[in-house]
1. Out of the residues in the stretch 254-267 that are surrounded by 13 or more Cβ atoms within 10 Å (Cβ to Cβ) and free of Cβ contacts under 8 Å to residues at least 40 places away in the same chain, state the one that is nearest to the ligand (Cβ to nearest atom).
2. Kindly check whether there is at least one residue in the stretch 95-118 that is crowded, with 22+ Cβ neighbours inside 10 Å, β-branched (Val, Ile, Thr), within 28 Å of Asp207 (Cβ to Cβ) and in the same structural domain as Leu182 (by TED's automatic domain parsing).
3. Of all helices (runs of 4 or more DSSP H) completely enclosed by the stretch 266-352, which ones contain at least 2 residues that are over 17 Å from Leu253 (Cβ atoms)?
4. Checking Gly195 against (1) of a type in the set (Gly, Ala, Ser); (2) over 30 Å from Ser151 (Cβ atoms); (3) open to solvent by less than 30 Å² (accessible area, probe 1.4 Å); (4) touching a residue at least 24 places away in the same chain (Cβ under 8 Å), which single condition isn't satisfied?
5. Would you mind listing the strands (runs of 3 or more DSSP E) fully within the stretch 131-214 where at least 1 residues are at pLDDT 90 or above and among the polar types (S, T, N, Q)?
6. Does Lys66 satisfy being within 22 Å of Lys123 (Cβ to Cβ) and free of Cβ contacts under 8 Å to residues at least 40 places away in the same chain?
7. Which residue is least open to solvent (accessible area, probe 1.4 Å), if the candidates are limited to the stretch 122-155 and must be hydroxyl-bearing (Ser, Thr, Tyr) and in contact with a helix residue (DSSP H, G or I) (Cβ under 8 Å, 6 or more places away or on another chain)?
8. Is it true that some residue in the stretch 84-93 is at pLDDT 95 or above and on the phi > 0 side of the Ramachandran plot?
Amino acid sequence: MNNYFIILGAGKGQRFSQKKPKQFFDFNGKALIDHSIDKALKAKLFKKIVIVISKKHKNYFKKYKKDKILLVNGGKERKDSSLNALKKIKKFKPKNVLLHDAARPNFSINLLKNLTKSLKNNKAVVPIITSKDSIKYKINNQIFNLEKEKSFLTQTPQAFRFKELYNLSIKQNKNITDEASLFINQNYKIKFISGENQNNKITYIDDIKSQKTYFGIGFDIHKLIKNKKLFLGGIKIPFHSGLQGHSDGDVILHSIIDSILGAIQKKDIGTYFPSNKRKFKNIRSTKMLKPILDNLKKKNIYINNIDINLICEKPKVSKYRSKIINSLSRLMKINNYKINLKGKTVEKLGLIGKEKAIACEVITSLIKYD
Ligand code: ZN
């Protein structure tokens with residue numbers, strides 16, 4: 001095992017148009033570049049992982065064990081960066097070297113194994129995939145279709161015998177987009193193996209826009225009293241009593257509001273609608289829900305799903321389930337399949353069992369896009 005893995009992470013990512021360099025952007029929970037480093041370490045195929053980076057980011061890599069990691073300063077262009085890395089490891093007399101773009105976090109360890117295995121009988125091994133899109137090209141204002149069967153896309157990691165790659169790199173003075181180009185320019189043989197469709201390159205901020213999921217829990221209970229209308233999930237339900245409270249006492253909506261506030265870490269319903277405030281007296285709970293939903297929209301947060309337990313002896317939940325779900329779906333502007341309503345009786349026990357109160361609990365899952 002005389003293999004070295006070089007990660008090119010010194011690029012400025014000009015097409016990425018963000019202040020922070022692309023390779024340090026959060027991607028599925030960790031920095032983009034960490035995906036490649038961690039996978040290369042886990043593969044146990046390499047003597048050292050060589051990370052080519054800008055000098056000012058050196059401190060970031062202190063968290064990795066020194067014996068496996070080698071930091072190299074990036075050069076002006078890609079070819080300079082990779083050459084810096086090759087020069088740095090030359091003294092170790094490496095047999096094989098793999099070069100990889102830090103902007104491709106999704107390759108598999110299996111691909112690393114295939115590449116190193118194929119190097120036994122080849123001097124250059126490059127993973128390729130076919131294009132899913134039709135490609136056109138232009139010569140002197142005339143457009144041509146590229147024959148799909150004859151064309152393919154090259155990815156990284158690309159694997160080479162160190163000696164051959166070093167000799168080609170040292171002579172190279174034109175810019176290159178990948179190391180395979182060096183072999184192609186000299187008409188040297190390359191072994192192409194199957195690449196991976198998921199191993200795409202993160203180029204634009206849109207490629208990396210992350211989404212985060214949050215959960216919140218809500219609970220509410222109100223006493224049932226005579227001469228009041230019963231509101232559940234924003235609609236009137238025929239019943240002998242209604243729910244006591246400063247508002248219409250809609251336990252479902254109150255629990256939903258609290259679960260949303262929980263998920264976005266914004267305290268609780270009482271903070272926004274204190275029960276000692278006159279102006280909220282007899283307020284319909286639908287009016288309390290509205291500003292909470294507006295706030296979600298403003299923050300680019302969407303509802304994944306809502307699961308509701310309505311805890312009461314009566315009314316029978318099965319009788320009103322679809323009505324309540326349809327009402328919630330209308331109020332919250334979400335599809336009704338995102339809402340589940342379960343009815344739960346309490347074996348006639350306690351206040352709820354004696355039809356003196358209704359309780360509700362809700363779990364809501366939200367998704368936030370950057
Ligand atoms: Zn309440």
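1. Checked the stretch 254-267; the qualifying residue nearest to the ligand (Cβ to nearest atom) is Ile257.
2. yes
3. In the stretch 266-352, the matching helices (runs of 4 or more DSSP H) lie at 285-298, 317-332.
4. Only one criterion in (1) of a type in the set (Gly, Ala, Ser); (2) over 30 Å from Ser151 (Cβ atoms); (3) open to solvent by less than 30 Å² (accessible area, probe 1.4 Å); (4) touching a residue at least 24 places away in the same chain (Cβ under 8 Å) is unmet by Gly195, namely (2).
5. Those strands (runs of 3 or more DSSP E) span 142-145, 158-161, 191-194.
6. no
7. Ser131
8. Yes, the stretch 84-93 contains a residue that is at pLDDT 95 or above and on the phi > 0 side of the Ramachandran plot.
The values are calculated or read from the model by the stated rules, or taken from the named source; none is laboratory data. These numbers come from a predicted model, not from an experiment. When we count neighbours, we look across all protein chains shown, and the Cβ atoms used for this are built from the backbone with ideal geometry, even at glycine. Surface areas here come from the heavy atoms of the whole protein model, side chains and all, with no ligands, DNA or RNA. Shrake-Rupley method; radii C 1.70, N 1.55, O 1.52, S 1.80 Å.
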